[in-house]
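The block underneath contains the structure these notes are about, expressed in structure tokens.
The values are calculated or read from the model by the stated rules, or taken from the named source; none is laboratory data. What you are looking at is a predicted structure, and each value in this text was computed from that prediction instead of being measured. Because the Cβ atoms are built from the backbone with ideal geometry, glycine has one as well, and the counts that use them run over all protein chains shown.
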Amino acid sequence: MNLFFFPYQSENFYTSPDTALCRDKSDDGKFVYYVPDRIETVRAIPLVFVKISRAGKCVRQDYAHRHYSVCGYGVHLATYDVNEGRTLDNSIFLSEATQIEGSGPYEGFDFFDSALERASEYMSLRSGDILALELEDIQAFEIEPNKNYSLTYKDVAIELRS
């Protein structure tokens, strides 16, 4: 599975492997992210996503809605200390995906359709891939050693441990 990310207010995209997804929760129901020792600043970036349900290559925008039927939201923890905001392992937290009503094209999903067209010009899309759009760069945390932080976006709760 690949993750296709479109940064906030950008036409460009980058990809990340599925190791970037945090799938495990602690006993209290929070996602836990262990901040690597050398990281000084973490940015919390909200995102919306669709999950690809049908493989495709060079998909035109008019037909993009046929390649996804569920959507959700999440948080991407990025850092500029290491790799200019790109993804670290276990640093993406996604909500449960929700079925999109209707049979498409989905009203209000034009931004996903154009992003899917753009991504599929360069790479093949496979079932299970995730296409995510960052909404804005909202919060930066200065990380202090041996201190824990909590972050909640909608119902995605994350504990940062350093």
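Across the range 130-157, which residue is farthest from F6 (Cα to Cα) among those that are at pLDDT 85 or above and aliphatic (A, V, I, L, M)? By that ranking, first place goes to I130. Filtering S127, S120 for residues that are at pLDDT 85 or above, more than 14 Å from the chain's Cα centre (by Cα) and either among the charged types (D, E, K, R) or not in a helix (DSSP H, G or I) (or both) leaves a single hit, S127. Considering only the range 149-162, I want to know if a residue exists there that is closer than 14 Å to I52 by Cβ and part of a strand (DSSP E or B). No: zero hits.
For the range 96-117, a residue qualifies if it is surrounded by 13 or more Cβ atoms within 10 Å (Cβ to Cβ) and either at pLDDT below 90 or within 10 Å of S69 (Cβ to Cβ) (or both), and the qualifying residues are A97, I100, G104, P105, Y106, F109, D110. Within the range 68-95, the set of residues being of a type in the set (V, I, T) and either at pLDDT below 90 or within 17 Å of D18 (Cα to Cα) (or both) comprises V75, T79, V82, T87, I92.
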